Amino acid sequence: MQQILERSVVYVKGVGPKRAELFEKVGVSTVYDLLQYCPRDYIDLSAPCEIKNAQGEDPLVIRARVVKKMPPARIRKGLTVCKAVFTDDTDDITVTLYNQEYLFASLKEGEDYILYGKVAGNMVRREMNSPMVFSAASPDLILPVYPLTEGLSQNIIRKAVRGALDLVLGEVEDIMPQYVRDSCRMCSLACAWENIHFPKSLYGAHEARRRLIFDELLIHSLAIAYQRQNEDSDSNYIMQAQPLEEFTSALPFTLTKTQLRSLNDCTVAMRGAHRMNRLIQGDVGCGKTVVAAGAAWFAYKNGYQSCVMAPTEILAAQHYKTFKSLLEPLGVRVALLTGSLTPKNKRVLKEQIAAGEFDVIVGTHALFSESTHFSDLALVITDEQHRFGVEQRAALSAKGRNPHRLVMSATPIPRTLALILYGDLDISVINELPAGRKPISTYAVTGKMRERAFGFVKKQLEMGRQGYVVCPMIDESESDLNDVTSYSQKLAQGAFADYKVGLLHGRMSAAEKEEVMNGFKRGEIDLLVATTVVEVGVDVPNAAVMVIENADRFGLSQLHQLRGRVGRGEWESFCILITDNTSPECVQRMKIISRTSDGFKIAEEDLKLRGPGDFFGTHQHGLPAFKLADLTRDMQLLQTAQQMSKSIIESDPQLKRADHRIMRELTQRLMQRGAEMT
């Protein structure tokens, strides 16, 4: 049976090599893919309206019989017009068909048909141009509507799907054991495939889709649970309790309740029998780094080393400065290891790290190079996990004897979505801002206000502050790059001719980016024109104003991340969003970001408005994206799938039971595809 599902779609009746190539364009290469290629909508022909009431902008269903067929008329070369009059005894309607002589010839006077299309005309004379026409005796009154590509019509896809169903129905071995279907109230897989494509009712289509979405969510959840099981290895670093007051009392500020709780989560986990795998998730500026520093101090008190990995040298230098200021007064020795060190300095530093002369090592990719060795690495801290590949994180973890792992993410994520994206990690949430942190005043304006906005920015620069102007880039194409570069030059020669203007974009080399950002941090640049490359982590306390051009092109969460680059010092800070998009959705989004500074609330709204597909741009858990599931709509199903996957793994950790065989195969295949993506 499984071999049939894995066969090429070319073997399905009506699909030859040429059509198979077209199906490949929509992601369909096997029989299984075709059966999983679900309709995006349905046309319900089961409830026709009377002709006398037929009006409006939307397509309508009419059941009527042919009264009269006019002779076809050739208007011009290549265009034949055929007309027929239909009635349902409430009124008549004239149907016009263009270049459909075969269909027109098949219509028989006195017979009933179902018409689907838009009704034009007036109360006296109603017309339908090129409607879909079906026999009234057709058993299929709910028609699937599939996503198309050039060369594939709805009829071609429907016939191919019917052929695929004929191949497998009666032989289908269900993915899910009967006890899972009964527990979660799911129909069989055969029933789901039949009713997703050729339902007898919209309720049947709904139940079929529910089953197929649940399959996808369950296999995803099992894959994450499987990963989690492998991560939950025995700890080689079971630590002893330490008086946290020694760390917290030395800080120049008081930790918030959620910072304390997150730090406690870490220390409890590091004292446990299993290796810690924890995510500290919090809003921009909530103080995640202090918690990470507390965890590193805890490891130091137990006699172990920690390392902190950042995605760029400038962020590594920023973390080094923070960790050094927080930990060195407590006797912790902190080092910075980056690729830009001279070969001699790098060699000496690596020798000192290997000899245990440093307790906390902050760095970039240099940390997991083959020549870097640690004395006793017990804690690995990574900043912005999604900036690193799975293999890079694994290489760093391999530097110790399976060290504890702590991940910091400044991307607020709704908890239910975090369970999918970070399913292999325990989660600590910091949802309070430190005392004294001022909210950033945010304003949305149209392009007509640009000069006024720039005038406001200049006032800030005159006061000694610095600012950003952020431009969106659709992609890294030359045209987009030219736009950003020319815009920067225009500002430097025009509105900001009296100030030092810098440029930062993704196509610059790492060294060039570092040079620009360091110049900005040192105050050598007044206004930085940048793409979203400034989004993550860069801390310039003197930056107090940001202008975001074409703000409608960004998601809410991304706008919030960008906005977080200002307001990091003692000054009152501002963000000005410029957009000429006046659509209701854009207006709503601009209102949300202007009125709300809570990143978690913004993330919830972003998820509702844009869905999870655009939420990150990368898949942090290393598994492929969903094809059917929509986490904004299917959250309840996700929770059911997660509960069921937990129960399955607890009862059968390796999925070795006979009735778990297909789930095991699909889970392993999904994980393999995920590994190929990284």
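General remarks:
- Label separation (V81 vs R522): 7.7 nm, computed from points 7 Å beyond Cα along the C-beta direction.
- Sorting S46, S488 from the fewest to the most surrounding beta carbons within 10 angstrom yields S46, S488.
- Dimensions of the range 37-175 based on its C-alpha atoms, expressed as ranges along the principal axes with the largest first, amount to 57, 37, 28 Å.
- Within a straight-line Cα-Cα reach of under 22 Å, K608 can be paired with the following lysines, leaving aside sequence neighbours fewer than 8 residues apart in one chain: K591, K627.
- Taking the Cα atoms of the range 276-347, the ratio Rg/Rh between the radius of gyration and the Kirkwood radius comes to 0.98.
- Distance from the range 300-355 to the range 557-601 (C-alpha centre basis), Å: 35 Å
- Dividing the convex hull volume of the alpha-carbon atoms in the range 105-224 by its residue count gives 192 Å³ per residue.
- Amide H contacts of M546 (H built 1.01 Å from N, under 5 Å, at least 5 apart or other chain): Y468, F574, C575, I576
- Ordering H373, H505 from the fewest to the most neighbouring beta carbons within 10 Å gives H373, H505.
- Local charge for K257 was computed over the other residues whose Cβ lies under 13 Å away, with Lys and Arg +1 and Asp and Glu -1, and equals -1.
- Whole-number percent relative contact order across the range 109-212, with pairs defined as alpha carbons under 8 Å at least 6 apart: 21 percent
- Our summary gives the range 173-332 a relative contact order of 17 percent, counting only alpha carbon pairs under 8 angstrom and 6 or more residues apart.
- Annotation: cysteines of the chain without a disulfide-compatible partner (Cβ-Cβ under 4.7 angstrom) are C38, C49, C82, C184, C266, C286, C307, C471, C575, C586.
- Over all distinct Cα-Cα pairs of the chain, the Kirkwood formula returns a hydrodynamic radius of 29.4 Å.
- With neighbours defined as other Cβ atoms within 10 Å of a residue's Cβ, the residues V547, V362, V516, V145 order from fewest to most as V145, V516, V547, V362.
- Whole-Hz Karplus values for the range 552-567 come out as 5, 7, 9, x, 4, 5, 5, 4, 5, 4, 4, 4, x, 6, 9, x Hz, taken residue by residue from phi with 6.51 cos²θ - 1.76 cosθ + 1.60 and θ = phi - 60°; glycine and proline positions read x.
- Here the range 12-60 is treated as a Stokes sphere of Kirkwood radius computed over C-alpha pairs; at 25 °C and 0.890 mPa s its diffusion coefficient rounds to 174 µm²/s.
- Relative protection proxy for 244-252, 591-599, from highest mean packing down: 591-599, 244-252 (other beta-carbon atoms within 10 angstrom).
- Peptides 278-290, 202-214 ordered by average Cβ neighbours within 10 Å, highest first: 278-290, 202-214
- Using 0.36 nm per residue and subtracting the Cα-Cα separation, the extra length available between Q100 and R228 on full extension is 40.2 nm.
- Relative to the dominant Cα principal axis of the chain, helix 584-595 is inclined by about 20°.
- Cα long-axis angle, helix 154-168 against the chain (0 to 90 degrees, to the nearest 10): 80 degrees
- In terms of the mean number of neighbouring beta-carbon atoms within 10 Å, the peptides 567-580, 632-645 order highest first as 567-580, 632-645.
- Relative contact order %, the chain, counting alpha carbon pairs below 8 Å whose residues are six or more apart: 12 percent
Here, each number is a calculation from the coordinates, and none is a lab measurement. Remember, predicted model here, so these are calculated numbers, not experimental data. Ideal geometry is used to build each Cβ from the backbone, glycine not excepted, and the neighbour counts take in all protein chains shown.
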